[in-house]
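The values are calculated or read from the model by the stated rules, or taken from the named source; none is laboratory data. Keep in mind it's a predicted model, so treat the numbers as computed, not measured. Methodologically, a virtual Cβ is constructed for each residue, glycine included, from the backbone with ideal geometry; neighbour enumeration extends over all protein chains shown. These area figures cover heavy atoms from the full protein model, side chains too; ligands, DNA and RNA do not enter into them. Shrake-Rupley method; radii C 1.70, N 1.55, O 1.52, S 1.80 Å.
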Amino acid sequence: MSVPARRVPQVPEWLDGEVARAERANPPPQSPPVPPTAVRGTRRRRHRLGFVILATIIVAPVLIGIVSLNALLAQTSLRIDEAERRIEELSREHLTLVHEQARLSAPGRIAAWARRNGMRLPDDIRSLHTSGGSLPAPAGEADASVPREGEA
Amino acid sequence: MRRPPLQRLIALLALMAVAFGVIFVRLTVLQVSQAASFRDRALDQRLRRIELPATRGQILDRTREPLAISLEARDIYADPRYVRDPWVTATRLSPILGAEIGELAARLTEDTTFVYLARQVDLDVAERVERLRLPGIGFLEATRRYYPAGTLAGQVLGFVGIDGEGLSGLELRYEDLLAGDPGERTQELDPHGQPILGGIDVERQPLEGSSVVTTIDRDFQYQAEQALADAVAANRARGGTVIVMDPRSGDILAMASYPWFDPNAFEEAPPRTYRNRAVTDAFEPGSTNKVITAAAAVDRGAIALDHVLSVPWQMQVEEFTIHDAHPHGIQRMTLSDIIAESSNIGTVMVARRLGESALASYLTRFGLGQTSGVSFPGESAGILPPLYRWTETSLATIAYGQGVAATPLQMASVYATIANHGRWVRPRLVLGTRSPDGTFQEAPASPTRRVVSAGTAQTVTRMLAEAVRAGTGTNATIAGYEIAGKTGTARIPLPDRPGYYEGEYVASFIGFLPASDPQVVIAAILDRPVTGYGGIAAAPLFQRIARYAITRLALEPGRPLRTLPTALPQP
């Protein structure tokens with residue numbers, strides 16, 4: 001009677017080396033053999049956990065960084081937009097003021113306003129000549145040429 | 001089954017090889033040798049280039065007050081392909097743009113992809129149109145030229161066309177400086193005309209034009225214009241010109257010609273009003289030209305100052321009879337008396353002593369017959385007949401200012417030369433330029449040349465002062481100030497044949513003050529005033545402007561000049 005050949009559990013090729021290393025480090029106990037399916041599940045869970053932790057450590061900060069950077073850029077972009085809008089507004093306001101100032105300071109407008117308020121240019125010009133070449137004394141000061149009261 | 005003949009297969013193969021060869025060659029040509037060209041053409045189809053207008057530089061007066069500025073505006077256009085209902089669109093736009101509905105609708109139905117609906121509209125008007133959100137209506141950035149003082153110095157400033165290019169005056173002369181460099185926005189569009197996201201979108205910013213700082217004093221210009229308008233009305237003249245000039249620097253402080261126009265609405269004014277007559281129109285100066293004869297005679301020593309001539313009231317020269325303005329017996333006159341009384345016959349007698357060659361030389365040295373170099377578009381050189389064409393009559397008439405033509409600016413320059421101690425200074429209208437960053441670059445000083453000696457200029461000034469004190473120019477006097485000047489009453493030549501209009505004159509008065517230290521030259525000229533004479537029509541105009549000059553420029557009276565020998569009885 002022939003006995004069917006016992007199937008050796010298949011290990012993926014990429015794990016061959018790892019398994020071998022693990023076996024060398026921890027020789028399998030001489031305890032009763034554990035069923036192969038249970039060993040495989042534990043290892044898989046362990047690897048998945050490692051992967052998840054690794055992914056979390058690497059990916060999460062990257063994701064957070066990207067999101068933060070994006071938010072920062074968006075915020076800066078908004079600020080730039082706002083500043084540009086403000087510059088445009090102020091430029092327009094400046095131009096309006098220049099226009100207004102130019103219009104209001106036109107000599108014709110000022111002259112018309114002055115006429116309405118009873119102002120006019122002088123009809124004649126009178127030049128005052130000082131005699132003797134000396135300047136008149138400032139107001140309030142006594143004229144030295146006039147004798148003071150009590151003086152001889 | 002019968003197999004195809006081998007020859008057929010070979011022929012078919014050869015044919016296919018040739019066909020593929022042709023395709024290969026064509027592909028090679030398209031993809032390699034002509035690739036760049038086709039790529040550029042394809043790109044060109046996708047690109048739209050929009051010109052970004054540069055802000056035009058300002059024109060400022062000498063105190064940096066604005067005479068011409070540019071304001072932001074919008075051009076409104078339509079792409080009729082995208083206009084859904086032209087009549088509804090036109091009806092909604094009409095009240096905002098102030099255009100006829102029919103006219104707008106006609107434009108909106110044109111078989112084109114671009115049509116202007118309004119040019120250079122104010123921003124608030126553009127915003128009102130934008131709020132309507134009409135399909136097919138677009139906006140372009142533009143600027144609008146604005147002259148805040150309206151008609152003030154209109155002919156000097158000139159104006160710009162609808163595309164913002166200078167068409168006359170300083171706007172034309174300094175177009176290169178004022179215009180700046182327009183920018184450009186290049187966008188890559190899809191077949192529907194929409195920008196491709198991530199496609200080419202490049203913008204080159206426009207460079208603002210430089211500003212031109214003129215020598216014009218805005219307030220002085222206004223007062224000169226007011227005085228001119230009043231004088232034209234009071235004397236019922238057809239027009240007039242005023243020039244105010246600094247004789248030392250050649251700076252023109254005011255330059256006005258009546259009738260004038262508003263450059264903000266130049267289309268509504270008659271084109272003849274656009275001319276800056278002070279520079280573009282030549283007139284026969286009449287007696288104001290006698291100053292050149294007198295200066296030449298003194299400079300050449302043709303007549304002593306105390307020499308007395310016996311001057312009749314009329315004289316025969318070739319077939320013509322020339323005479324003084326008023327009949328008189330034979331009068332004993334010195335050169336100073338001749339100028340003061342503006343005697344034509346006396347001037348002719350002096351000119352004969354001087355000789356035609358010397359007179360022609362001095363006329364040229366004073367700047368007649370050549371442009372002044374003020375660098376203004378359309379400047380006239382006047383008319384000075386070449387010496388070889390002079391006759392005895394030419395010598396006589398040119399000596400007192402007929403048969404020769406000069407612009408008001410040329411005549412003002414003649415008096416400025418006397419006022420500037422015999423040195424001619426080229427008149428100028430521009431002090432310098434101001435770049436967009438505010439840096440002022442001063443124009444080089446005007447070139448000068450010696451025309452007569454300082455002594456001659458001083459002597460002629462004393463003659464001119466006498467003309468105002470006791471001669472024909474008494475209406476120009478201002479108490480406390482000594483003014484030097486000369487009246488002119490010139491006949492007007494007929495345009496189509498030899499001869500002059502009867503009873504029509506150009507009245508003028510040109511002078512300067514204070515006579516002892518001249519700081520301002522004023523030329524006042526009226527075209528065909530009913531009052532006729534320069535001493536009556538133009539001298540009061542000079543006086544009014546001179547009075548303003550005293551206050552505006554803070555002129556001191558100066559010292560009185562010594563009088564010259566006279567043979568006339570003194571009052």
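Within the P(r) computed for the stretch B:115-203, what percentage of the Cα pairs occupies the region above 21 Å? Summing the P(r) of the stretch B:115-203 above 21 Å gives 54 percent of all pairs. In a DSSP loop and with at most 16 other Cβ atoms within 10 Å, the GluC sites (Glu not before Pro) in the stretch B:296-369 are B:E318, B:E319.
What length, rounded to one decimal in nm, is gained on full extension from B:A106 through to B:T474, with 0.36 nm per residue of separation minus their alpha-carbon distance?
125.9 nm
Report, in deg cm²/dmol and to the nearest 500, the calculated mean residue ellipticity at 222 nm for the protein assembly as shown, where each DSSP H run with n ≥ 4 adds -39500 (n - 2.57) and the sum is divided by the residue count. When only DSSP H runs of four or more count, the value is -12500 deg cm²/dmol. Segment B:H307..B:S375, full-extension length gain: 20.2 nm, with 0.36 nm per residue of separation and the alpha-carbon distance subtracted. Using a probe of 1.4 angstrom, how much of the accessible area of the stretch B:127-187 is carbon and sulfur, in percent? Answer for the stretch B:127-187 is 44 percent, counting heavy atoms of protein chains only.
Sorting B:71-79, B:403-411, B:15-23 by their mean Cβ neighbour count within 10 Å, with the most densely packed peptide first, gives B:403-411, B:71-79, B:15-23. Size descriptor for the stretch B:424-571, Kirkwood hydrodynamic radius: 17.6 Å (Cα pairs only, one decimal). Mean sequence separation of contacting Cα pairs (under 8 Å, at least six apart), scaled by the length of chain B, corresponds to a relative contact order of 14 percent.
For B:L30 and B:E188, a Förster radius of 35 Å and the Cβ-Cβ distance give a FRET efficiency of 0.95, rounded to the nearest 0.05. The accessible area of B:Y533, taken with all protein chains in place and a 1.4 Å probe, comes to roughly 100 Å². When the accessible areas of B alone and A alone are added and the area of the pair subtracted, with a 1.4 Å probe, the result is around 1700 Å², both sides summed. Relative to the longest principal axis of the Cα atoms of chain B, the long axis of helix B:454-470 lies at roughly 70 degrees.
Under the definition of partner shielding as Cβ atoms of other protein chains within 10 Å of a residue Cβ, what is the mean value for peptide A:94-104?
Values: counts 0, 7, 3, 0, 7, 7, 1, 4, 11, 6, 1.
Going residue by residue through A:94-104 and averaging, the value is 4.
In the stretch B:42-86, the residues whose accessible area drops by at least 40 square angstrom when the other protein chains are added to the isolated chain are B:L71, B:E72; the probe is 1.4 Å and only protein heavy atoms count. Charging the Cβ of each Asp and Glu at -1 and of each Lys and Arg at +1, and nothing else, the dipole of the stretch B:471-571 about its Cα centre rounds to 160 debye. Using a 7 Å offset from Cα along Cα-Cβ at B:T113, what residues in the stretch B:70-98 end up with backbone N under 18 Å from the label point? Of the residues in the stretch B:70-98, B:77-84 have backbone N under 18 Å from the label point off B:T113. About its Cα centre, the dipole of the stretch B:276-406 is roughly 220 debye, where the only charges are +1 on Lys and Arg Cβ and -1 on Asp and Glu Cβ.
Taking the charge dipole of the protein assembly as shown about its Cα centre, with +1 at Lys and Arg Cβ atoms and -1 at Asp and Glu Cβ atoms, the residue from B:A105, B:M315, B:L494 reaching farthest to the positive side is B:A105.
Can you pull the percent of the stretch B:266-344's accessible area that's carbon plus sulfur, 1.4 Å probe, other chains left in place?
Values: 1740 of 3440 Å².
Exposed carbon and sulfur together represent 50 percent of the surface.
As an equivalent ellipsoid, the protein assembly as shown spans semi-axes of 88, 37, 26 angstrom, where each value is the square root of five times an eigenvalue of the C-alpha gyration tensor, largest first.
Provide the FRET efficiency to the nearest 0.05 for the A:R103-B:R133 pair, computing r from the beta carbons and using R0 = 41 Å.
0.80
Per residue, how large is the accessible surface of the protein assembly as shown? Use a 1.4 angstrom probe and give square angstrom.
56 Å²
Counting Lys and Arg as +1 and Asp and Glu as -1, each charge on the Cβ, what is the dipole of chain B about the Cα centre in debye, to the nearest 20?
1080 debye
Rounding to the nearest 10 and keeping the result within 0 to 90°, find how far the Cα-based axis of helix B:35-46 lies from the longest principal axis of chain B. That works out to roughly 70 degrees. Here the stretch A:95-130 is scanned for amide nitrogen atoms under 17 Å from the site 7 Å beyond the Cα of B:T63 along Cα-to-Cβ, giving A:101-115, A:120-122.
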